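Undergrad: Sharing a structure below in structure tokens format, with a few things to ask.
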Amino acid sequence: MNLSLTEEQVMIQDMARKFAETELAPVAAELDETQNQEIFLNNLAQLTELGFMGLNIKAEYGGVEAGSVAFSLAITEIARACASTAVTTSVTNMVAEVIQAIGSEEHKQTYLPKLCSGEYKAGAFCLTESGAGSDPAGMKTTAELDGDEFILNGNKLYITSASFADVFVVWAVTDASAPKGKGISCFLVEASTPGITVSKAEEKMGQKASPTNEVSFSNCRVPKNALMGGENKGFAVAVGELAGGRIGIGSLALGIGLAAMDYAREYIKERKQFNQPLSNFQGLQWKLADRYTELEAARLLLMQAAYTKEQGLPFGKAASMAKLFAAEKANTACYDALQLMGGAGYIKEYPLERLARDVRVTSIYEGTSEIQKVIISRELLKEI
Ligand SMILES: Cc1cc2nc3c(=O)[nH]c(=O)nc-3n(C[C@H](O)[C@H](O)[C@H](O)COP(=O)(O)OP(=O)(O)OC[C@H]3O[C@@H](n4cnc5c(N)ncnc54)[C@H](O)[C@@H]3O)c2cc1C
């Protein structure tokens with residue numbers, strides 16, 4: 001792996017950092033408090049204008065073709081300021097990548113320019129159900145062929161951005177008699193299609209500005225050509241695309257962890273107890289050393305996974321390792337950063353209270369840490 005960034009990657013990282021510092025950081029606490037969707041969507045629109053919703057999408061479809069490394073760098077910078085904005089950006093990129101990977105030429109020409117230009121505010125990735133979370137192949141949503149249409153029925157749970165997304169990628173069972181995971185297909189569904197109900201946003205612990213909704217399909221008819229990637233071939237696609245998404249979520253976790261440690265590091269240099277700055281105490285210095293070392297290791301794992309993906313090589317294990325490590329270490333970093341600040345860490349006036357809530361879900365969504373270990377160990381055992 002080449003460890004130095006290209007000029008374009010540095011430019012994208014700088015652009016993301018600047019936008020995050022000037023536009024996202026000043027409103028992140030307010031968004032957490034009020035979930036003001038006008039401000040939130042306005043920020044997303046500006047990010048779209050800068051090219052951040054099609055980072056891995058070919059120029060012919062309106063994307064910037066910057067690659068997975070640039071995607072990882074951008075998501076980290078955005079998450080340093082606002083995790084809610086980062087997760088929305090990550091998921092919309094992921095939806096666009098699904099369409100690019102398995103959509104027909106017509107799908108790509110119709111939907112990708114809309115996602116990349118902001119004509120569509122976001123995309124939503126509809127996989128999870130109440131009975132199918134870590135085990136999505138156990139899904140119950142069905143898609144039944146009826147003449148020239150498929151009829152979708154079922155409920156998807158915890159869907160990021162569903163309340164404002166204009167297009168959904170949806171997984172549903174098309175052959176209930178097939179072995180587990182072999183009878184699932186993927187559909188491209190416009191949010192305005194009759195038969196779709198998006199419930200009100202869940203009340204969450206963190207990342208509150210990013211809506212998470214239940215999406216119900218009730219006799220929702222989509223044209224036959226809404227099917228992407230071939231009938232009953234959808235589950236392998238979901239597994240592959242989730243691996244790419246994990247680079248996004250690991251990068252997001254890294255951004256939150258860095259924001260937490262950067263804030264606490266400054267704080268302990270200023271704050272005095274026992275007539276000296278807290279940073280004089282070796283016990284606290286060692287927390288800095290340990291946490292920054294772990295975050296740097298997370299960054300390298302993410303870069304390796306992203307680089308491997310860019311090379312077109314199998315990257316599932318690398319993405320799971322990076323997501324597992326980044327999410328766990330970012331959680332530890334936020335916990336320790338809060339502790340370094342004492343009572344102030346626990347008070348809403350300071351950002352640690354929010355960051356510690358925002359980071360928690362990174363070891364849960366797009367596959368829990370336990371599921372990353374299942375994937376990694378399965379791959380390790382296959383290798384011998
Ligand atoms: C804020 C938020 C946003 C989300 N956004 C989306 C989205 O946009 N699209 C989407 O499709 N989904 C989304 N999800 C769903 C998310 O991916 C799932 O919540 C996650 O995969 C875990 O599934 P579950 O909640 O059903 O937990 P469960 O599967 O019930 O797991 C419960 C616990 O059991 C453990 N466990 C389960 N199986 C095993 C095993 N084999 N070995 C060891 N431990 C195991 C898990 O690790 C976990 O600790 C989102 C969730 C949240 C909270």
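Undergrad: Normalised by the number of residues in the range 1-152, what is the relative contact order in percent for Cα pairs under 8 Å and 6+ residues apart?
TA: Relative contact order, the range 1-152: 21 percent.
Undergrad: Using only alpha carbon positions, build the gyration tensor of the range 236-382, then give the equivalent ellipsoid semi-axes as the square roots of 5 times its eigenvalues, largest first, whole angstrom.
TA: Values for the range 236-382, descending: 34, 14, 11 Å.
Undergrad: Just check the range 172-306 against the gyration tensor rule for me: Cα atoms, a ≥ b ≥ c as the square roots of the eigenvalues, rounded for a/c under 1.5, and otherwise prolate or oblate depending on whether a/b exceeds b/c.
TA: Verdict is prolate for the range 172-306.
Undergrad: So, how do all the Cα-to-Cα distances of the range 7-122 break down into 5 Å bins, in percent, from 0 on up?
TA: 2, 13, 25, 24, 18, 11, 6, 2, 0
Undergrad: Follow-up. How would the range 108-231 be classified by its alpha-carbon gyration tensor: rounded, prolate or oblate, with rounded meaning a/c under 1.5 and the a/b versus b/c comparison settling the rest?
TA: oblate
Undergrad: Out of the GluC sites (Glu not before Pro) in the range 181-225, which ones are loop residues according to DSSP with at most 15 other C-beta atoms within 10 Å?
TA: On the way: sites: GLU190, GLU202, GLU203, GLU214; in loops: GLU202, GLU203.
Here the sparse-neighbourhood loop sites are GLU202, GLU203.
Undergrad: Would you calculate a helix-derived [θ] at 222 nm for the chain, using -39,500 (n - 2.57) for each DSSP H run of n ≥ 4 and dividing by the full residue count, to the nearest 500? Spell out each step's value before the answer.
TA: Details: 12 runs with 201 residues, N = 384.
Helices in the chain give a 222 nm mean residue ellipticity of -17500 deg cm²/dmol.
Undergrad: Once both labels are modelled 7 Å past Cα along the beta-carbon direction, what's the ASP290-ALA25 spacing in nm?
TA: Rounded to a tenth, the inter-label distance reads 2.8 nm.
Undergrad: A follow-up question, please. Between beta-carbons, use under 12 Å as the cut-off and find the net charge around ILE375, counting Lys and Arg +1, Asp and Glu -1.
TA: Net local charge, ILE375 excluded: +3.
Undergrad: Which of the GluC sites (Glu not before Pro) across the range 285-371 are loop residues per DSSP, with 11 or fewer other Cβ within 10 Å? Could you put the intermediate results ahead of the total?
TA: Details: sites: GLU294, GLU296, GLU310, GLU328, GLU349, GLU353, GLU366, GLU370; in loops: GLU349, GLU366.
Those that pass, being in a loop and sparsely packed, are GLU349.
Undergrad: In addition: In the calculated pair distance distribution of the range 96-162, what percentage of Cα-Cα distances lie above 17 Å?
TA: On the way: 1288 of 2211 pairs.
I get 58 percent for the Cα pairs in the range 96-162 exceeding 17 Å.
Undergrad: Per-residue counts of other Cβ atoms within 10 Å, averaged by peptide: what ranking do you get for 59-65, 271-277, 104-110, highest first? Walk me through the intermediate numbers first.
TA: Values: 59-65: 17.6, 271-277: 10.9, 104-110: 14.4.
Top of the packing list down: 59-65, 104-110, 271-277.
Undergrad: Can you pull the one-decimal nm distance between simple spin-label points at SER104 and SER377, each 7 Å off the Cα toward Cβ?
TA: 4.4
Undergrad: If the only charges are +1 at each Lys and Arg Cβ and -1 at each Asp and Glu Cβ, what is the size of the charge dipole of the chain around the Cα centre, to the nearest 20 debye?
TA: About 1020 debye.
Undergrad: Please report the relative contact order for the chain, taking Cα pairs under 8 Å with a sequence separation of at least 6, and give it as a percent rounded to a whole number.
TA: Normalised by residue count, the contact order of the chain is 16 percent.
Undergrad: Sticking with this one: If you add up the charges near GLY255, with Lys and Arg at +1 and Asp and Glu at -1, over every other residue whose beta carbon is less than 12 angstrom from its beta carbon, what do you get?
TA: Its environment carries a net charge of 0.
Undergrad: Further question: Per-residue counts of other Cβ atoms within 10 Å, averaged by peptide: what ranking do you get for 157-166, 283-292, highest first? Intermediate results must be reported in sequence, preceding the final value.
TA: On the way: 157-166: 21.7, 283-292: 15.2.
Ranking, from highest mean packing down: 157-166, 283-292.
Undergrad: How about LYS309: which aspartates and glutamates have a C-alpha closer than 16 Å to its C-alpha, ignoring those fewer than 8 places off in the same chain?
TA: Correct list for LYS309: GLU65, GLU97, GLU241.
Undergrad: Could I ask something else about it? List the relative contact order of the range 1-77 as a percent without decimals, with contacts defined as Cα pairs under 8 Å and 6+ residues apart.
TA: That works out to 34 percent.
Undergrad: Any idea how far the Cα center of the range 27-91 sits from the one of the range 163-204, in Å?
TA: Here the answer is 23 Å between Cα centres.
Undergrad: When the chain is fully extended, how far beyond the present Cα-Cα distance does MET205 get from GLN339, taking 0.36 nm per residue of separation?
TA: Gain in length upon complete extension: 46.3 nm.
Undergrad: May I ask for the equivalent-ellipsoid semi-axes of the chain, computed as the square root of five times each C-alpha gyration tensor eigenvalue and listed largest first in whole Å?
TA: Its equivalent ellipsoid spans semi-axes of 36, 22, 20 Å.
A short reminder: the numbers here are calculations on the coordinates, not readings from a lab. Because the structure is predicted, anything quoted here is derived from the model rather than measured. Cβ sites come from the backbone with ideal geometry, for glycine too, and all protein chains shown count toward neighbours.
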